[in-house]
Amino acid sequence: MNLKDLVIYQIYPRSFFDSNGDGIGDIQGICSKLDYLSSLGVNALWLSPIFVSPMKDGGYDIADYYHVDPLFGKDEDLFELIEKAKAKGIGIILDLVANHTSDQNPWFLESKKSKDNPYRDFYIWRDKEEINDIQSAFGGSAWTLDKTTGQYYFHLFAKEQPDLNWANPKLRDTMYQMMNYWLDKGVIGFRMDVIENIGKDIDAHIVNDGPRLHDYLHEMNQKCLAKHQAVSIGETWCSNNETRVLYLDPKREELNMIFQFDQLTMFFDPIFNKWVQKPFDLLAYKKAIFAHQLVHPKKVWNALFLENHDIARSIDRYGDRNSRKAIAKMLPATFLFQKGTPFIYQGEELGMINADIQNWNEIRDTEAFTMRPELAKKGMDEEMASKKALWTSRDNCRSPMQWNNSKNAGFSKAEPWLKVHDKELNEYNVENEEKDSKSILATYQKLLQLRKEHLSLIQEGKFVPLFEEDPKLFAYQMVLGEHVLSVVCVFSKQEAQIPSLSHLGKLIDAEGELGAPYSYSIYYR
Ligand code: GLC
Ligand code: CA
């Protein structure tokens, strides 16, 4: 499959569809929904981790990279999914969690045993005098003492997620072998979890963009990716418009795409990070998104996305629920025609919103538990820290997919592992939206079809921002020779005056009246 033809749908397997009635989404559940995914218009699925794991971080803590966790099914179920999806023209992309493993991974269990264990250097161990003040992304020190040998191991995330030591060539080869195993099994590529962290130089206090990061990525490319023409998408929270080209310039032979996050992190609080956010500012947002399109357009191919399993639902981030339907239809128009590969996160196409979790006994995400005291430590009063941790918890965007009006929104016959939205919200589900030609789902289908019809313009054309200084409009063009596709969105809850559009050519699609809040119109000439 040509990289630039991809439209990727992200599945958080636990919350997608439960086929065997244990309250947990599984691989057979995905198999049974392939027709739905085809009809949506996607041709690749990125699965969040499905491998054996104690699930301290929803599977981002892998104990065995070669086998499916029984919660999700058997290895055969994954092979079946790869085959069945392929038959429908859909490729499978696995989540490569390469920066760390579970503390239950046999490599770590060995590594812990003694200082001269052959696996010792698969991880990062230091004496007490050698450790520093690097903090874990989930709060607290990134170093934990292991009593067996009296040394500390490094973990950028939970203490149950020890970091692998990529400086060790043996470890690197072990990882490449595993990647090749899955590529040989027919997966088309990998989304690479926090990949910017693998080149770290801990003693120099460098965690992101370490000195050897790009050497490792090039090596990985040569030893696995290139041979299989695999798709690779790096998760890079700290990349920026300068460093991006290092990952993506095809001449460097590293990755195909990266997720860049400055359009989100720019709203984070300097002290409390994502747990306290500034109000959304369209001008700043546009500037960031347009820069992705305009910096090194010949050398980079973008990963276009609104949502994933770590961030709040976009309606709650960019608008409000009073305009739920309109904004959920406008948002895809803001990104589906830009240069790059679109990613759609499960439920986004239905207009799903945050789960509004109110009680600590409904929280499942480890990060919320560890960050709650951390926020208080940083000066937030305890009650507020509790509220912020609840409201911002990643569980909010992980609530089960809404399939129909039956119990648990048709996700499972049993009590789901994480609460489904309250009933009132469940009118936004697949069954209802498939019946309604004006639904959010219908808009996603229509726009993806339109994108397909104009694919060469997107792939080969030039991105041109429109009305950049307008505080209500989000508008852009793709231009190839004489052909121009123009997308004009009113990204505001107020009406907008739209400057003259006559030169944009024929109106080929629209939602809402021209200039109405959260409307869009698309033109072609
Ligand atoms: C990535 C994942 C996130 C996970 C973290 C540690 O950011 O997307 O869900 O918790 O890495 O693996
Ligand atoms: Ca199940």
Criterion violated by Val300 - all others in (1) over 16 Å from the mean Cα position of the chain (by Cα); (2) surrounded by fewer than 22 Cβ atoms within 10 Å (Cβ to Cβ); (3) not in a helix (DSSP H, G or I) satisfied: (2)
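Which ones in segment 303-319 are outside any strand (DSSP E or B) and of a type in the set (A, V, I, L, M)?
Of all residues in segment 303-319, those outside any strand (DSSP E or B) come to 306-319.
Once the filter is applied, which keeps residues that are outside any strand (DSSP E or B) and of a type in the set (A, V, I, L, M), segment 303-319 yields Leu306, Ile311, Ala312, Ile315.
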Segment 444-463 residues that are under 27 Å from Val430 (Cβ atoms), paired with ones that are among the acidic types (Asp, Glu) and surrounded by fewer than 18 Cβ atoms within 10 Å (Cβ to Cβ) (beta carbon under 9 Å, 6 or more apart): Lys446/Asp509; Leu447/Asp509; Leu450/Asp509; Lys452/Asp5; Leu455/Asp5
Some residue of segment 50-72 being of a type outside the set (A, V, I, L, M), closer than 30 Å to Gly150 by Cα, away from ligand 1 (no atom under 14 Å from the Cβ) and in contact with a Pro (Cβ under 9 Å, 6 or more places away or on another chain): yes
Residues located in segment 1-53, provided they are within 16 Å of ligand 2 (Cβ to nearest atom), part of a loop (DSSP other than H, G, I, E, B), free of Cβ contacts under 8 Å to residues at least 60 places away in the same chain and polar (S, T, N, Q): Ser19, Asn20, Ser32, Ser53
Residue in segment 105-139 that is farthest from ligand 1 (Cβ to nearest atom), counting only those that are among the aromatic types (Phe, Trp, Tyr) and more than 18 Å from Gly199 (Cα to Cα): Tyr119
One residue from Asp381, Asp422, Asp395 being modelled with pLDDT of 95 or more and over 15 Å from Val276 (Cβ atoms): Asp395
Checklist (1) closer than 30 Å to Glu460 by Cα; (2) more than 16 Å from ligand 2 (Cβ to nearest atom) applied to Ala63, failing item: (1)
Residues (surrounded by fewer than 18 Cβ atoms within 10 Å (Cβ to Cβ), in contact with a helix residue (DSSP H, G or I) (Cβ under 7 Å, 6 or more places away or on another chain) and over 19 Å from Gln445 (Cβ atoms)) located in segment 490-525: Lys493, Arg525
Strands (runs of 3 or more DSSP E) (entirely within segment 481-525) containing at least 1 residues that are within 13 Å of Ala326 (Cα to Cα) and hydrophobic (A, V, I, L, M, F, W, C): 483-490, 506-511
Any hit, segment 399-417, residues being more than 20 Å from Asp35 (Cα to Cα) and in a helix (DSSP H, G or I): yes
Scan of segment 130-163 for residues that are surrounded by 16 or more Cβ atoms within 10 Å (Cβ to Cβ), acidic (Asp, Glu) and more than 14 Å from Ser102 (Cβ to Cβ), ordered by number: Asp146
Hits in segment 58-94 - residues which are in contact (Cβ under 8 Å) with a residue 60 or more places away in the chain and among the basic types (Lys, Arg): Lys86
First in segment 95-117 and at pLDDT 95 or above, second anywhere and in a strand (DSSP E or B) and within 16 Å of ligand 2 (Cβ to nearest atom), Cβ under 8 Å, 6 or more apart: Asp95/Leu47
Filter result (under 12 Å from Arg317 (Cβ atoms) and assigned to a helix (DSSP H, G or I)) within segment 250-281: Gln263, Leu264
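Right, Tyr36: within 18 Å of Gly410 (Cβ to Cβ), of a type in the set (Phe, Trp, Tyr) and buried (at least 23 other Cβ atoms within 10 Å of the Cβ) or not?
Details: within 18 Å of Gly410 (Cβ to Cβ): yes; of a type in the set (Phe, Trp, Tyr): yes; buried (at least 23 other Cβ atoms within 10 Å of the Cβ): no.
In short, no.
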Residues within segment 1-18 that are in contact with a Ser or Thr (Cβ under 6 Å, 6 or more places away or on another chain) and away from ligand 1 (no atom under 16 Å from the Cβ), tallied: 2
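The values are calculated or read from the model by the stated rules, or taken from the named source; none is laboratory data. Just so we're clear, the structure is a prediction, and the values are computed from it rather than from any experiment. Note: ideal-geometry Cβ built from the backbone for every residue, glycine included; neighbour counts use all protein chains shown.
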